[in-house]
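The numbers here are math on the coordinates, done by the rules we state, and not lab data. It should be emphasised that the depicted structure is a prediction, and the values quoted were computed from it without experimental measurement. Cβ: placed from backbone, ideal geometry, glycine included. Neighbour counts: every protein chain shown.
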Amino acid sequence: MAKLVIVPTPIGNLEDITLRALRILRECSVIFAEDTRVTGKLLKHFEIQQQLISFHANNEHKVLERAIDKILSVDTAVLVSDAGTPGISDPGFLLVRACIEHGVEVECLPGPVAFVPALVASGFPCDKFMFEGFLPHKKGRQTRLKLIAESELTVVLYESPHRLVKCLGQIEEFMGSEREVCVARELTKIHEEYKRGKVSEVKKYYETHPPKGEIVILIAGRK
Ligand code: SAM
């Protein structure tokens with residue numbers, strides 16, 4: 001029976017790849033990859049040779065049927081994204097749903113994902129939380145911010161470094177300057193950093209220390 005295995009890949013530190021991920025990447029018949037160059041480098045590092053097929057946000061609708069045909073024709077297919085777990089703010093959902101509809105067995109390996117270490121190390125309650133991923137840039141952004149402001153749960157956002165200060169400014173505007181936040185930056189990499197404090201203080205810090213790299217924002221729930 002055909003099988004699709006979702007394989008999380010490191011979000012920075014290559015030591016975070018699991019032994020099981022390496023075995024599946026080595027043994028599978030084909031790998032669907034968000035960016036074949038990025039995955040090609042990862043495979044080269046681990047001395048794995050595999051057939052790579054491009055599967056990304058701009059072609060996933062178009063190539064979905066072809067991808068299913070391919071998966072049905074092999075024993076085990078793998079889906080990877082550039083970093084972390086496919087399907088989490090990355091392509092994956094459409095393929096998983098289509099596989100289930102076509103009777104393909106679907107499995108997701110546990111592994112790297114940016115929001116889990118950020119959430120756990122934030123110091124905010126992590127027994128329940130709300131994952132928002134990237135906020136919409138324009139339409140719908142204010143609605144999301146209003147909903148987040150009301151949440152009693154810790155909220156997780158993905159954000160790009162050049163939008164961080166603007167986003168912290170909006171958190172301050174919608175939730176008040178006292179709202180506690182944590183900015184988790186460059187997780188698992190050399191310059192890993194956590195900044196915790198009132199949103200006004202954290203914003204002030206990044207206004208004078210323009211951030212680089214990848215960022216997760218944690219917002220403490222409304223008291
Ligand atoms: N699929 C990925 C995952 O499992 O977390 C997320 C992919 S999404 C396109 C990329 C975003 O994840 C970045 O903009 C950033 O918000 C977050 N991210 C990825 N790697 C990170 C890292 N090393 N440190 C902090 N945030 C990271």
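Observations, loosely collected:
- The average projected area of the chain, computed from the convex hull of its Cα atoms over all directions, is 13.0 nm².
- Diffusion constant of segment 115-219 at 10 °C, which comes from Stokes-Einstein with the Kirkwood Cα-pair radius and 1.306 mPa s, µm²/s: 117
- When the listed pairs Lys189/Lys223; Lys146/Lys166; Lys139/Lys223; Lys139/Lys189 are checked against a 23 Å cut-off, the alpha-carbon distance exceeds it for Lys189/Lys223; Lys139/Lys223; Lys139/Lys189.
- The trypsin sites (Lys or Arg not before Pro) found in segment 83-145 that occupy coil by DSSP, while having at most 15 further C-beta atoms within 10 Å, are Lys128, Lys138, Lys139.
- Kirkwood-based shape ratio for segment 44-100, expressed as Rg/Rh from alpha carbons: 0.96
- Neighbour cut-off at most 16 other Cβ (10 Å), DSSP loop, chymotrypsin sites (Phe, Trp or Tyr not before Pro), segment 20-93: Phe46
- Taking each DSSP H run with n ≥ 4 as -39500 (n - 2.57) and averaging over every residue of the chain yields -11000 deg cm²/dmol at 222 nm.
- Estimated dipole of segment 53-147 in Debye, rounded to 20 [Cβ of Lys and Arg +1, of Asp and Glu -1, Cα centre]: 720
- For segment 3-108, with +1 on Lys and Arg beta carbons and -1 on Asp and Glu, the positive-most of Pro86, Phe46, Val104 along the dipole: Phe46
- The C-alpha atoms of the chain define a longest principal axis, and helix 141-150 lies at about 70 degrees to it.
- For segment 3-108, the ratio of Cα radius of gyration to the globular rule of thumb 2.2 N^0.38 Å stands at 0.97.
- Rounded to the nearest 20, the Cβ-based charge dipole of segment 175-223 about its Cα centre (Lys and Arg +1, Asp and Glu -1) stands at 200 debye.
- At most 12 other Cβ within 10 Å, DSSP loop - GluC sites (Glu not before Pro), segment 11-55: Glu47
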